[in-house]
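Here the structure comes first, spelled out in structure tokens, and everything after it is commentary.
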């Protein structure tokens, strides 16, 4: 407690403050008490704090309803998840589109080529060795909405695997050359 | 009233909860307990003339807002928070906003005997000196802690401060007040230079 840490002078100050407060404490006024109580009793009904209090029984009942609703929601969510899962399995068996990016060592700047494999069965993928897949980034096994997801997967693969143009001089020279060619062809 | 009365043994918080449920007798008991402390607290803030009206306003507002009272709070902290806000509002209302330069000084006349007596009575008091050197927050914190024995955790709620900042504030307040102790003589009277109206500032 902070009071134990007070110095002698501070303790004297505190004692003095307390003593003076006790000495100057006003007397209890019964008339003021009655006046305030009368004012309190005259408070309008709607401001009386007793009215809006909720009973414990109401609270318990509402909690039971909330629990029941939560259980129903959980059941619906599980059913929905199971049906989605079933649809995914069926699509996978039929063979899903696999997007991958192929890394070409010889052309590091333009190394990424997103290739969409033609409907490869999933079982075959599991049989491929790691070495075979080392140059290949499998982006996603696309389930029901394959068209949109394939597009997104290709974009993502390009974004992730596109190397930065480290050799800037060569990159700039190549870009300017291609621009010159474009201008010449326009002419 | 006998000391063994069950109402006296009931805590403030319990009484407040009962009052919240609509028990006016419990509120009356709270009023009985806190009338004097709140009155003195408001008077100490310089609101001497209308202190009783402000006490009434404090209790009325407390009664109206009892449904907002959280029993995790100490009732005294909640009540003094209301009293403090009412006091601050009142001080803002009564504070003169007249431009001093445009006011002509009143003619010199002899002060009323009653005024002289009140001033003389108040002159030797350390709380009056404290009120002149401390900020409103410091004064409130010192009063609640040392006079009302309110723990620091409750004062943080009243002032809306952290515990660390409250401790610093009180340390600074004590440091401001300590030199004032030396200004009282052995009969607890102010020395002449101070009584003449010197203002203490850090």
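FYI, it's all coordinate maths here, none of it is from the lab. Computed from a prediction, not measured in an experiment: that's the story for all the values here. Note that we place each Cβ from the backbone using ideal geometry, even for glycine, and neighbour counts take in every protein chain shown.
Quick rundown of the values:
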item: Fewest-first sequence of B:20, A:41, A:35 by Cβ atoms within 10 Å of each Cβ; result: A:41, A:35, B:20
item: Exercise: per-residue mean of other protein chain Cβ atoms within 10 Å, A:19-31; result: 5
item: Peptide-level mean, for B:11-22, of C-beta atoms on other protein chains within 10 Å; result: 1
item: Average other protein chain Cβ within 10 Å of Cβ, residues A:32-42; result: 6
item: Cβ crowding within 10 Å averaged over residues, with A:154-161, B:40-47 ranked highest first; result: B:40-47, A:154-161
item: Ranked list, fewest to most other Cβ atoms within 10 Å of each Cβ, for A:36, B:82; result: B:82, A:36
item: Packing-based exposure ordering (other Cβ within 10 Å, fewest first) of B:178, B:60; result: B:178, B:60
item: Ordering of B:134-140, B:51-57, A:24-30 by packing [mean C-beta count within 10 Å, highest first]; result: B:51-57, B:134-140, A:24-30
